[in-house]
Amino acid sequence: MTIDIITVVPDLLESPFSHSIMKRAQDKGLLTVRTHNLRNWAINKHAQVDDYPFGGGAGMVLMCEPLANAIETLQQTTPYDAIIYLTPDGKTFNQQTANTLSLQENLLIICGHYKGIDERIREKYITQEISIGDYVLSGGELAAAVLVDAIGRLLPGVLSDETSALTDSFQDNLLAPPVYTRPADFRGSLVPPILLQGDPKKVEEWRYEQSLERTKTRRPDLLNNDC
Ligand code: 6GU
């Protein structure tokens, strides 16, 4: 899968994909992440990509021309399955959306900044608008890192069997059960004995019960929810 990201702060997106699972996904050739600096398509020698909002008010707006040119340039070499704009007024991101997007071949992500992007770009190019939650970030870059991570780890071959995404919280609308590692006795605090007894079926049952219990108490909304 290839994910292209258009941003005014490409530096912000350097580290998140350079470590751990995202790095491995790229090293294995399963995921390609390319960031593109919107200023490469600036309208003048001042590297201008934003301007004051018509009608007045605080903040700047990313202009049509640089974004249109950036998107159209990238489209010349990559047929995008989705062009995603990251914005607090988009649809809230969840595991279901991550699953669906992980089945695509080529994604283009647009990071907004300041007050956002000119509405005409949204109307003309954007196929999907996504928010990562009900709070406001200063730009879409951190949201892009969240999306790429959540999607990238789902690509076949990225996770090993042991870390399989199939047992993730939310993959079955249940929160993950508690986990323990050595020592079995930490300052008198003991690991649940069933985990030490070596009966995989019992362990599986216990984990399921714990998941259910945890979901009931912490996130009852997930239990009657088919998304
Ligand atoms: Cl996608 N962008 C910004 N700027 N703020 C957000 C967001 C996105 N999702 C939640 N807050």
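The values are calculated or read from the model by the stated rules, or taken from the named source; none is laboratory data. Note that the structure is a prediction, hence the values are computed from the model and not measured. In this analysis, Cβ positions are derived from the backbone assuming ideal geometry, glycine residues included, and neighbour counts consider all displayed protein chains.
Can you tell me which residue among Arg120, Arg39, Arg34 is within 17 Å of the chain's Cα centre (by Cα), assigned by TED's automatic domain parsing to the domain that holds Gly140, among the charged types (D, E, K, R) and under 19 Å from Gly140 (Cβ atoms)?
None of the other options fit; the residue is Arg34.
When both residues are 6+ apart or on different chains and their Cβ atoms are under 7 Å apart, which pairs have a first residue that lies in the stretch 69-96 and is over 19 Å from Val148 (Cα atoms) and modelled with pLDDT of 95 or more, and a second that is of a type in the set (Val, Ile, Thr) and surrounded by 18 or more Cβ atoms within 10 Å (Cβ to Cβ)?
Final answer for the pair search is Ala70/Ile6.
Filter the stretch 115-172 down to residues that are among the β-branched types (Val, Ile, Thr) and assigned to a loop (DSSP other than H, G, I, E, B) and give me whichever is nearest to Tyr52 (Cα to Cα).
Val136
To keep it simple, each residue is scored yes or no on (1) under 30 Å from Val61 (Cβ atoms); (2) surrounded by fewer than 19 Cβ atoms within 10 Å (Cβ to Cβ); (3) more than 22 Å from the chain's Cα centre (by Cα).
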site	(1), (2), (3)
Leu108	yes, no, no
Lys115	yes, yes, no
Ala165	no, yes, no
Leu174	no, no, no
Ala184	no, yes, yes
Ser189	no, yes, yes
Pro192	no, yes, yes
Leu195	no, yes, yes
Thr215	no, no, yes
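Mind checking whether some residue in the stretch 69-83 is in a strand (DSSP E or B) and more than 15 Å from Arg153 (Cβ to Cβ)?
Taking every residue of the stretch 69-83 in turn, at least one turns out to be in a strand (DSSP E or B) and more than 15 Å from Arg153 (Cβ to Cβ).
Among the residues of the stretch 90-114, write down those that are assigned to a strand (DSSP E or B) and of a type in the set (D, E, K, R).
Of everything in the stretch 90-114, just one residue is assigned to a strand (DSSP E or B) and of a type in the set (D, E, K, R), namely Lys91.
Mind listing whichever residues of the stretch 117-137 are touching a strand residue (DSSP E or B) at 6+ places or on another chain (Cβ under 7 Å), aliphatic (A, V, I, L, M) and within 7 Å of the ligand (Cβ to nearest atom)?
Ile130, Val136
Looking at the stretch 54-66, can you tell me whether even one residue there is part of a loop (DSSP other than H, G, I, E, B), among the hydrophobic types (A, V, I, L, M, F, W, C), surrounded by 14 or more Cβ atoms within 10 Å (Cβ to Cβ) and away from the ligand (no atom under 16 Å from the Cβ)?
yes
Would you pick out the residues in the stretch 33-42 that are over 24 Å from Val146 (Cβ atoms) and either surrounded by 15 or more Cβ atoms within 10 Å (Cβ to Cβ) or in contact with a Gly (Cβ under 9 Å, 6 or more places away or on another chain) (or both)?
Trp41, Ala42
What number of residues within the stretch 110-145 satisfy the criterion of being in contact with a helix residue (DSSP H, G or I) (Cβ under 9 Å, 6 or more places away or on another chain), hydrophobic (A, V, I, L, M, F, W, C) and farther than 16 Å from Asn69 by Cα?
6
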